[in-house]
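These notes concern the structure reproduced below.
The values are calculated or read from the model by the stated rules, or taken from the named source; none is laboratory data. Not measured: the values here are computed from a predicted model. Because the Cβ atoms are built from the backbone with ideal geometry, glycine has one as well, and the counts that use them run over all protein chains shown.
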Amino acid sequence: MSKPSIWETVHANLPKWYGADRIKDTFERMARLASEYYERQGFIILEVRGPYEATEEQRLCLCPPDADRYSVYLRMTREPRTVHVEIPDNIALEVQEKTGLVFAE
C-alpha cells in the first residue's frame with residue numbers, strides 16, 4: 001500500500017534567454033533547496049518532477065514579458081507523530097470524538 005501524500009509546487013520565472021541546460025541546472029538547485037526546506041518541516045520527499053513550462057495563460061498573468069514560468073512538483077508525506085497532552089478524564093471522550101485523535105491511555 002502506498003503512503004498518503006501531498007503535492008507541493010515550486011514556481012520560478014526565468015529569463016527567456018536561458019538555455020535548456022541552464023534551466024535544468026536552476027531547477028535541480030531549486031528542487032534541492034525546496035526538498036531541504038520541507039524535510040526540516042518534518043516531511044519526507046517521495047518524488048520530484050519537473051521542470052514543466054507554464055501554460056500560456058499562466059505565463060501572461062504571472063510573469064514578465066521577457067521571462068518564462070516553470071514549475072517543479074514535489075510529492076511528500078509526513079510520518080505520524082506522537083504528541084503528549086494532558087486532557088482531563090471528564091472531557092477525554094468528547095475530545096476524542098470531536099478531533100478523531102487516538103489516545104494511548
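What the table shows:
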{"item": "Selected residue (only one of TYR38, TYR73 is in contact (Cβ under 8 Å) with a residue 12 or more places away in the chain, among the aromatic types (Phe, Trp, Tyr) and touching a Leu at 6+ places or on another chain (Cβ under 8 Å))", "result": "TYR38"}
{"item": "Residue satisfying all of: in segment 1-15; touching a residue at least 12 places away in the same chain (Cβ under 8 Å) and either within 25 Å of GLU79 (Cβ to Cβ) or acidic (Asp, Glu) (or both); surrounded by the fewest Cβ atoms within 10 Å (Cβ to Cβ) among these", "result": "PRO4"}
{"item": "Selected residue [within 15 Å of MET76 (Cα to Cα) and small (Gly, Ala, Ser)] from GLY19, GLY42", "result": "GLY42"}
{"item": "Some residue of segment 53-70 being on the phi < 0 side of the Ramachandran plot, without any contact (Cβ under 8 Å) to a residue 24 or more places away in the chain and of a type in the set (Val, Ile, Thr)", "result": "yes"}
{"item": "Unmet requirement for TYR18, which otherwise passes all of (1) within 30 Å of VAL102 (Cβ to Cβ); (2) part of a loop (DSSP other than H, G, I, E, B); (3) free of Cβ contacts under 8 Å to residues at least 60 places away in the same chain", "result": "(1)"}
{"item": "Residue in segment 70-84 that is in contact with a Ser or Thr (Cβ under 9 Å, 6 or more places away or on another chain) and β-branched (Val, Ile, Thr) present", "result": "yes"}
{"item": "Criterion (exposed (fewer than 13 other Cβ atoms within 10 Å of the Cβ) and assigned to a strand (DSSP E or B)) met by exactly one of GLU47, GLU39", "result": "GLU47"}
{"item": "Hits in segment 69-105 - residues which are touching a Phe, Trp or Tyr at 6+ places or on another chain (Cβ under 8 Å) and either in a strand (DSSP E or B) or of a type in the set (Gly, Ala, Ser) (or both)", "result": "TYR70, SER71, VAL72, TYR73, LEU74, ARG75, MET76, THR77, ARG78, ALA92"}
{"item": "Subset of segment 50-68 that is over 21 Å from the mean Cα position of the chain (by Cα) and part of a loop (DSSP other than H, G, I, E, B) - its residue that is modelled with the lowest pLDDT", "result": "CYS63"}
{"item": "Qualifying residue in segment 78-91 (condition: modelled with pLDDT of 85 or more, under 30 Å from THR26 (Cβ atoms) and under 28 Å from the mean Cα position of the chain (by Cα))", "result": "no"}
